[in-house]
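Read through the structure below, which is laid out as structure tokens, and then see the notes.
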Amino acid sequence: MIDLHTHSTASDGTDTPAKLVEKALDRKLEALALTDHDTIAGLDEAEETARGKNIHFVRGCEISTSTDLGEMHILGLWIPDECDILDNFLTHLREQRQSRNEKMLARLRALGFDIHMSELKYIAKHSIGRPHMATALMAKGYVESTDEAFAKYLGENGKAYVPKVAPTPAQAARILSGLGATVAIAHPLLRPLPREWLENTVENLAKNGLGALEVWHTSQNENETGYLSRLAKKFGLGLTGGSDYHGENKPGIGLGTGTGSLDIPLQVYENLLARRKASGLPC
Ligand code: AMP
Ligand code: ZN
Ligand code: FE
Ligand code: FE
């Protein structure tokens with residue numbers, strides 16, 4: 001079993017990068033990618049922990065992008081070790097994130113909640129986001145659960161919601177593919193999108209460096225996985241998959257297993273690797 005989509009304390013997961021790798025080893029995962037939101041700050045620690053162990057570690061990240069129909073997440077897998085272009089790009093994204101976070105906190109305070117950036121910085125290690133606001137709202141007893149925090153205040157229809165200023169999927173795909181990463185659309189069906197729009201977007205992104213679709217994801221059922229596999233094949237793309245594990249921030253989602261039935265075989269990792277080799281990319 002493998003898992004190519006996970007989060008750590010570098011963004012909004014609750015396991016440190018080292019702990020995440022240790023859990024993956026306990027569960028006998030054969031390959032693991034760490035894909036924190038808009039940051040690669042956890043990768044060195046995870047890679048170091050995995051070194052010499054019985055697991056293939058893949059350096060990754062998940063970039064929030066913006067389309068005319070809302071947010072789309074772009075995964076980069078096999079991203080390079082040191083790279084100023086990527087560092088500068090991600091720093092800029094986190095600055096935009098911070099300005100959005102400040103606006104959302106101002107709205108929360110206007111709603112009567114005593115919540116400040118210093119508290120979020122205490123919870124979050126590097127890339128701050130809405131789940132940290134949910135944790136702060138819960139810690140102060142303003143809501144009972146993350147679900148309630150998102151439904152009432154933080155979700156797209158919530159009272160404190162402010163959209164992120166983010167790059168387009170094509171911009172993110174071009175930067176990541178230009179650095180030799182394998183680029184995938186994360187959980188393409190998580191938000192309701194017209195299928196024709198999605199297919200046009202995939203076709204367009206395939207010309208801008210897209211190399212794969214996340215066909216297996218905790219939120220996707222067998223029919224959706226089948227549909228996405230056909231879509232990937234139609235545009236000559238590879239297949240990837242992962243749980244989107246966030247530790248205690250998403251308690252129902254297990255590393256590797258998702259809500260229980262996820263079981264992504266090693267062959268998926270090997271096929272991605274074979275595509276990279278065929279394109280002359282480092283593995
Ligand atoms: P941000 O990047 O700050 O916009 O926050 C995005 C994070 O919030 C992602 O990890 C999402 O999975 C998480 N998220 C979005 N909607 C919900 C929800 N309804 N309940 C729990 N987490 C959510
Ligand atoms: Zn997240
Ligand atoms: Fe995502
Ligand atoms: Fe994710």
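Quick notes on this structure:
- Low-density loop cleavage sites - chymotrypsin sites (Phe, Trp or Tyr not before Pro) in region 53-110, where at most 14 other Cβ are within 10 Å (DSSP): none
- Most mobile of L29, L111, L213 in a GNM of the chain (Cα contacts under 10 Å): L111
- Three-way shape label, region 211-253, alpha-carbon gyration tensor, a/c 1.5: oblate
- Each other residue within a Cβ distance under 14 Å of N223 adds +1 if Lys or Arg and -1 if Asp or Glu, for a net charge of 0.
- Segment H92-E196, extension gain: residue separation times 0.36 nm, minus the distance between their alpha carbons: 34.3 nm
- Charge context of E203, other residues only, Cβ under 15 angstrom, K/R +1, D/E -1: +3
- Estimated from helices alone, the mean residue ellipticity of the chain at 222 nm is -12500 deg cm²/dmol (sum of -39500 (n - 2.57) over DSSP H runs with n ≥ 4, per residue).
- Between helix 130-139 and the chain: long-axis angle, C-alpha atoms, 0 to 90°, nearest 10: 40 degrees
- Each Lys or Arg adds one and each Asp or Glu takes one away; over the other residues whose Cβ falls under 13 Å from the Cβ of C283, this sums to +3.
- Given charges at beta-carbon only (K, R positive; D, E negative), |dipole| of the chain in Debye: 420 debye
- Among the listed pairs K164/K277; K207/K234; K103/K140; K23/K250, those beyond 24 Å (Cα-Cα): K164/K277
- Selection among I85, S8, L25 by position relative to the dipole of the chain gives I85 as farthest towards the positive end (Cβ unit charges, Cα centre).
- Fully extended contour minus Cα-Cα distance, from N208 to E224, at 0.36 nm per residue: 3.3 nm
- C-alpha center-to-center spacing [region 203-252, region 149-167] in angstrom: 24 Å
- Extending 7 Å from the Cα toward the beta-carbon at both D26 and L281 defines two label points whose distance is 3.2 nm.
Read the figures in this text as sums done on the coordinates, not as results from a lab. What you see is a predicted model, and the numbers here were worked out from it, not measured in a lab. Heads up, the Cβs are rebuilt from the backbone with ideal geometry, glycines too, and the neighbour counts pull from every protein chain shown.
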